[in-house]
1. Suppose we keep only residues that are within 21 Å of the chain's Cα centre (by Cα) and basic (Lys, Arg) within the range 63-97. Which one would you say is nearest to Asn37 (Cα to Cα)?
2. Listed residues Ser126, Ser68, Ser21; which is of a type outside the set (D, E, K, R), outside any loop (DSSP other than H, G, I, E, B) and at pLDDT below 95?
3. How many residues are modelled with pLDDT of 90 or more and under 25 Å from the mean Cα position of the chain (by Cα) if we restrict to the range 1-14?
4. With respect to Leu112, is the statement that it is in contact with a Pro (Cβ under 8 Å, 6 or more places away or on another chain) and closer than 26 Å to His125 by Cβ true?
5. Could we say that Leu309 is over 20 Å from Ser138 (Cα atoms), of a type in the set (A, V, I, L, M, F, W, C) and out of contact with any Leu (no Cβ under 7 Å at 6 or more places or on another chain) here?
6. Which members of the range 200-250 meet the condition of being within 30 Å of Gln290 (Cβ to Cβ), in contact with a Ser or Thr (Cβ under 9 Å, 6 or more places away or on another chain) and among the aromatic types (Phe, Trp, Tyr)?
7. For the range 104-123, name all the residues that are within 12 Å of ligand 1 (Cβ to nearest atom) and more than 11 Å from Thr81 (Cβ to Cβ).
8. Among Phe28, Phe91, which is the only one that is closer than 26 Å to Thr260 by Cα and either hydrophobic (A, V, I, L, M, F, W, C) or buried (at least 18 other Cβ atoms within 10 Å of the Cβ) (or both)?
Amino acid sequence: STSISKLSHSVPKSLEINGVSYQSDPNFTNVTESILNLTDRSLHLNESHPIGILRNIIEHRFNSLPGSHFATFNHFKPIVTKWQNFDSLGFPKDHPGRSVSDTYYINGETLLRTHTSAHEQECFHSIKENNEEAFLISADVYRRDEIDRTHYPVFHQMEGAHLWGRSSEELHHLEKSIKELEQLLKNYTTKIVVKEADPFDDSTRQPYMTNKEALLCEAHLKRSLELIVAEVFSKKIESMKLKKSTEIPDSLQVRWVTTTFPWTTPSWEIEVWWNNDWLEICGCGVVKEQVLRNAGYKADSKIGWAFGLGLDRIAMLLFEIPDIRLLWTKDERFHKQFKKGEITTFKPYSKYPGTLRDVAFWLPDTSEKFKEIHENDIMEIVRNIAGDLVESVKLTDEFLHPKTHRKSLCYRINYQSMDRNITNAEINDLQNKVNHELVSKYGVELR
Ligand code: FA5
Ligand code: MG
């Protein structure tokens, strides 16, 4: 359903995506056929895929909270406007996330969403129209990024938000819900140890809210997300106990870190200690009043929170999936290992050997003829040519010639298939294409 011809060399006048024709823009258009081919996979809708199983667990936990109902939106298409993804959320005009090196653009106005927050406006608007107070969104999101075992240009997020009116009755209800969340948190057999964020500047709180309202929003947000962490990770710990694993943690460590997002204030990230590392799983905060007003709410009428949680890294950890590419495989030996509602451990069906190729080149002298090359462009070239046969691409050497001042880079590409053996001839052919593309598109000089 997608056709782009020779996008890697020249940008066609228009792109045909799922029956819709988009005018291209040579200054922006950087989507590729291999990326567009992923836009209809909808892994989050497959209830027996690790991503779909995890989505179900979290949705179910939220929707079985007493007295809350979250409207769910799981079918938004990934092509959104620049306004939805950035402007509606108050991203400054010069925010790095907007750059063509980080984001996949269809043209100057249209792009592949980089986060589920792109749909906050329409969801806030929808729950307002339906007299509802909360929503959940799940979707695939797209970012130009490096290539390795934990990075893929597509991943999945779940967005959530909850609002309250400001009457004493509603605030009382909010206070009661916090108590209920605290109670629910005590029901888990695994103890959760929470480290609070460092104290932060009180001016990050919004002036329209009372101090009490701000603290209630914050407490409800934090306890809700701690509950999700408890639900998901205690399921994992229970399954480890059944298998008599030797590395069962006796408590679950969670920490809050203050951060900033353009559309929430104050804002935090939640991290979980797992396999000797802090895993960042979610960004969140108290929704800025402007966002609610943009969605049609009367000024100062509501208070509430929003979060955006990454599903892929949690799924990899829960199901013990060693390489993120496996989430995208169509191999039955992968898919038959997972069932709706169950956290099973992935058993590698075989490990096929990889093969390394190095490419070293001089960057061209600054010239008008070629665009400057960004690391993500190199990633993109390799991904377009070799697809899921690339395991990783790493910069292994960087050198500045003392006399000519020219810069040389060396990248090491590890080719390895998840599903089959690869041949040297096949990889040589792919690497030749990569080299050719580097030369013809960016004017580098191979060493
Ligand atoms: C966001 O995307 C914000 N939209 C989150 C948000 C929503 C904040 C609502 C406030 C209110 P961030 O870029 O940090 O933030 O991504 C959120 C989560 O997605 C991260 O915590 C992480 O779990 C996951 N994530 C981010 N980048 C990647 C990636 N390249 N691969 C896999 N997961 C990722
Ligand atoms: Mg982050």
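1. In this case the residue turns out to be Lys77.
2. Step by step, each of Ser126, Ser68, Ser21 is checked, and only Ser21 is of a type outside the set (D, E, K, R), outside any loop (DSSP other than H, G, I, E, B) and at pLDDT below 95.
3. Summing the residues that are modelled with pLDDT of 90 or more and under 25 Å from the mean Cα position of the chain (by Cα) in the range 1-14 gives 0.
4. On the way: in contact with a Pro (Cβ under 8 Å, 6 or more places away or on another chain): yes; closer than 26 Å to His125 by Cβ: yes.
In short, yes.
5. Here the answer is no, as Leu309 does not meet what is asked.
6. Passing the criteria: only Phe200.
7. Residues satisfying the conditions are Thr114, His115, Thr116, Ser117, His119, Glu120, Cys123.
8. Matching residue, one of Phe28, Phe91: Phe91.
The values are calculated or read from the model by the stated rules, or taken from the named source; none is laboratory data. None of these values were measured; they are calculated from a predicted model. Reconstructed Cβ throughout: ideal geometry from the backbone, glycine too, with neighbour counts over all protein chains shown.
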